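The values are calculated or read from the model by the stated rules, or taken from the named source; none is laboratory data. None of the values given here were measured: they were computed from a predicted structure. Here the Cβ positions follow ideal geometry from the backbone for every residue, glycine too, while neighbour counts run over all protein chains shown.
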Amino acid sequence: MNPSLPNLTTTALAALLVLAAPAARAEEWRDLPYAEIAKMPLAMAKVDPQHIFTANLVATPGKDQAALPPDFKLRLKLKDQLIPIAVAADGRVSLPFRQDWADAGAQIETNQAKGRVAVSLGFDSRVPPGTKMSYAQLTESAPVLEKAIKQVAGLASMMAPGIQSLTLTFDKPPQTLELSLPDGTRHSYKTDAKGVIELPWEPKWAAGSVQLSAPVKRIDQNMK
């Protein structure tokens with residue numbers, strides 16, 4: 001992950017991993033470093049004890065490919081062990097994220113040639129229930145994500161991007177959000193044609209109260 005990349009969202013937080021290298025024959029396995037794939041999920045685990053985020057890996061057909069290859073396989077190579085990695089029909093990859101595996105130099109192996117399959121790493125944040133909550137509760141994912149990004153950035157954390165806004169997606173537009181701050185200031189937002197509200201991320205609004213016209217379906221975080 002490059003912490004200086006602009007305009008990242010949670011679902012595209014990690015770079016797309018194009019599986020394998022030059023053209024390969026069937027069952028000619030190629031390696032990917034497990035530590036690179038697990039870096040962000042492991043960083044998230046350190047700063048997210050409440051499990052606000054859920055990491056997911058999804059395999060999708062490569063460019064100009066209509067579907068995943070029927071013989072597509074993934075496995076984990078850990079020293080002298082080969083551990084199969086399950087891939088569901090919808091492309092979801094069942095891969096545990098473990099620091100000991102990363103430290104041991106584990107590799108992810110695929111039997112596909114370059115470009116035939118891509119695996120993207122994303123993070124889904126939980127959605128507070130109901131229609132009345134604090135601004136801090138509605139935006140609880142933002143500070144956690146910023147901490148995780150700084151963990152990954154390490155010495156470059158001062159240059160790591162922060163959260164600019166949150167995209168709130170609703171089932172049935174139009175919907176509204178009313179934000180009331182302790183000093184009496186009020187902010188009103190309404191869904192656009194796509195049923196989303198772009199809510200600014202302002203830590204100083206933490207004590208504010210939020211009234212929604214309907215529950216939020218999904219929350220995504222937008223980077224500066």
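Observations
- Residue within region 187-202 that is surrounded by 17 or more Cβ atoms within 10 Å (Cβ to Cβ), out of contact with any Pro (no Cβ under 7 Å at 6 or more places or on another chain) and among the β-branched types (V, I, T) present: yes
- Pairs where the first residue, in region 113-138, is in contact (Cβ under 8 Å) with a residue 40 or more places away in the chain and surrounded by fewer than 21 Cβ atoms within 10 Å (Cβ to Cβ) and the second is of a type in the set (S, T, Y) and part of a strand (DSSP E or B), C-beta under 7 Å, 6+ apart: A118/T60; S120/T60; D124/T54; S134/S209
- Here D100 qualifies as farther than 22 Å from A153 by Cβ, without any contact (Cβ under 8 Å) to a residue 60 or more places away in the chain and more than 19 Å from the chain's Cα centre (by Cα).
- Which numbered condition L155 fails, given (1) in a helix (DSSP H, G or I); (2) of a type outside the set (G, A, S); (3) surrounded by fewer than 18 Cβ atoms within 10 Å (Cβ to Cβ); (4) at pLDDT 95 or above: (4)
- Looking across region 39-59, the residues that are part of a helix (DSSP H, G or I) and among the small types (G, A, S) come down to A43, A45.
- Selection from region 46-101 of residues that are within 24 Å of V144 (Cβ to Cβ) and surrounded by fewer than 14 Cβ atoms within 10 Å (Cβ to Cβ): K46, P49, Q50, H51, T54, R92, S94, P96, Q99, D100
One line per residue, one yes/no per condition, for (1) over 18 Å from A136 (Cβ atoms); (2) among the hydroxyl-bearing types (S, T, Y); (3) not in a strand (DSSP E or B):
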| residue | (1), (2), (3) |
| --- | --- |
| L166 | no, no, no |
| D171 | yes, no, yes |
| P174 | yes, no, yes |
| E178 | no, no, no |
| Y189 | no, yes, no |
| D192 | yes, no, yes |
| K204 | no, no, yes |
| V210 | no, no, no |
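- Residue check, G184 at positive phi, small (G, A, S) and touching a residue at least 12 places away in the same chain (Cβ under 8 Å): no
- Screening the candidates L68, L95, L57, L76 for the property of being in contact (Cβ under 8 Å) with a residue 40 or more places away in the chain, over 24 Å from A43 (Cβ atoms), in the same structural domain as A45 (by TED's automatic domain parsing) and within 23 Å of the chain's Cα centre (by Cα) yields one hit, L68.
- Filter result (more than 14 Å from K190 (Cα to Cα) and over 15 Å from the mean Cα position of the chain (by Cα)) within region 162-176: Q164, S165
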